Amino acid sequence: METLNLIDKVALITGASRGIGAVVAKLLADRGADIVINYRSKGSRAEDVAASIEAIGRRTILAQADITSDSDVHSMFQAVATQFGKLDLLVLNASGGLEKDQAADYAMSLNLTAQERLVEVAVPLMSEGGRIIFVTSHLAHFYKEKPGIAMYEPVAASKYAGEQALRQRILQLQEKGISLIVVSGDLIEGTITPKLMERVSKGLIDERREQAGSLPTVAEFAQAIADACTNPYLVSGETIFIGSTEW
């Protein structure tokens, strides 16, 4: 498959110190991109990701920022502007909402408000050919269309709201030649959200695996996100589905 050339391109991945985000960062670096590694608190892990990327000759920025903080986000993009002067790819990977001891509106703050803020601050650094990837889950993408899981409701509702808010910007983004692609996944093997859900609903992962036939791995999902960054044939607003969408 023909792919976009990422040599001299700059990609920012939110939540890139571990898991899916870290794998995406490495895959995009392998394809030639310089990488902005956003993380909130996993500094040593972010440093390890940076070291592996710099080892293949790519440049990195370690961008510690809580994406729910307006000042943190602006500082992060100022660092991008100072070091690279531009941004070509924005991968909106970081999300959450099942954390304990958070305010009642935390999920919306993280999965809606923060995502809109990231796009607003990123777009002035982006030019024609730029691309934004919104990473979501089937449970969120199909919110209210298909049965949900009670404990995941705040996340599903907020991520659905975030996706819809970004979709409303498609025409505005297209005026600058920037595309928006959504990548949606089933429960991903070994990731934190299914593990948290399993604690409350024992057997949930096995039940879904049996129902779907198999569940995507971190490597498979990250590969799909990286491919969405570099596939020149995708149309803005398109959704890429990883794993079964039937339940």
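The values are calculated or read from the model by the stated rules, or taken from the named source; none is laboratory data. Bear in mind that the values here come from a model prediction, so they are computed numbers and not experimental data. Every residue, glycine as well, gets a Cβ built from its backbone with ideal geometry; the counts of neighbours run over all protein chains shown.
Among the residues in the stretch 21-29, are any surrounded by fewer than 17 Cβ atoms within 10 Å (Cβ to Cβ) and either in contact (Cβ under 8 Å) with a residue 12 or more places away in the chain or over 24 Å from residue 66 (Cβ atoms) (or both)? The answer is no; no qualifying residue exists.
Name every residue in the stretch 170-195 that is buried (at least 17 other Cβ atoms within 10 Å of the Cβ), not in a strand (DSSP E or B) and not β-branched (Val, Ile, Thr), in order of residue number. Even if it seems obvious, please write down each step before you answer.
Of the stretch 170-195, the ones buried (at least 17 other Cβ atoms within 10 Å of the Cβ) are 173, 178-189, 191, 193-194.
Narrowing further to those that are not in a strand (DSSP E or B): 173, 178, 186-189, 191, 193-194.
Selection gives 173, 186, 187, 189, 194.
Of the numbered criteria (1) closer than 23 Å to residue 20 by Cα; (2) modelled with pLDDT of 95 or more; (3) assigned to a loop (DSSP other than H, G, I, E, B), the one residue 241 fails is (3). Checked against the criterion of being without any contact (Cβ under 8 Å) to a residue 60 or more places away in the chain, under 25 Å from residue 11 (Cβ atoms) and not hydroxyl-bearing (Ser, Thr, Tyr), the candidates 203, 190 yield just one match: 190.
Taking the condition of being of a type outside the set (D, E, K, R) and surrounded by fewer than 21 Cβ atoms within 10 Å (Cβ to Cβ), how many residues in the stretch 30-50 meet it? Give the steps one after another, and end with the answer.
To start, the set of residues in the stretch 30-50 that are of a type outside the set (D, E, K, R) comprises 32-33, 35-39, 41, 43-44, 46, 49-50.
With surrounded by fewer than 21 Cβ atoms within 10 Å (Cβ to Cβ) added as a condition, the list becomes 32, 41, 43-44.
Qualifying residue count for the region: 4.
Of all the residues that make up the stretch 53-79, how many are within 22 Å of residue 116 (Cβ to Cβ) and either out of contact with any Lys or Arg (no Cβ under 8 Å at 6 or more places or on another chain) or part of a loop (DSSP other than H, G, I, E, B) (or both)?
Residues that pass the stated criteria total 14.
Within the stretch 76-97, residues that are surrounded by 23 or more Cβ atoms within 10 Å (Cβ to Cβ) have Cβ atoms under 8 Å from residues that are part of a helix (DSSP H, G or I) and among the charged types (D, E, K, R) in these pairs: 95/159, counting only partners at least 6 apart in sequence or on another chain.
Only one residue in 112, 118, 87 is assigned to a loop (DSSP other than H, G, I, E, B) and not β-branched (Val, Ile, Thr). Which one? So the residue among 112, 118, 87 that is assigned to a loop (DSSP other than H, G, I, E, B) and not β-branched (Val, Ile, Thr) is 87. In the stretch 132-148 there is no residue matching the filter, namely being of a type in the set (S, T, N, Q) and more than 23 Å from residue 207 (Cα to Cα).
Looking for something crowded, with 22+ Cβ neighbours inside 10 Å, in a strand (DSSP E or B) and not aromatic (Phe, Trp, Tyr) - is there at least one such residue anywhere in the stretch 100-109? Scanning the stretch 100-109, I find no residue that is crowded, with 22+ Cβ neighbours inside 10 Å, in a strand (DSSP E or B) and not aromatic (Phe, Trp, Tyr), so the answer is no. Restricting attention to the stretch 1-45 and to residues that are at pLDDT below 95 and hydrophobic (A, V, I, L, M, F, W, C), the residue that is farthest from residue 189 (Cα to Cα) turns out to be 4. Residues in the stretch 145-159 that are more than 15 Å from residue 245 (Cβ to Cβ) and not hydrophobic (A, V, I, L, M, F, W, C): 152, 153, 154, 158, 159.
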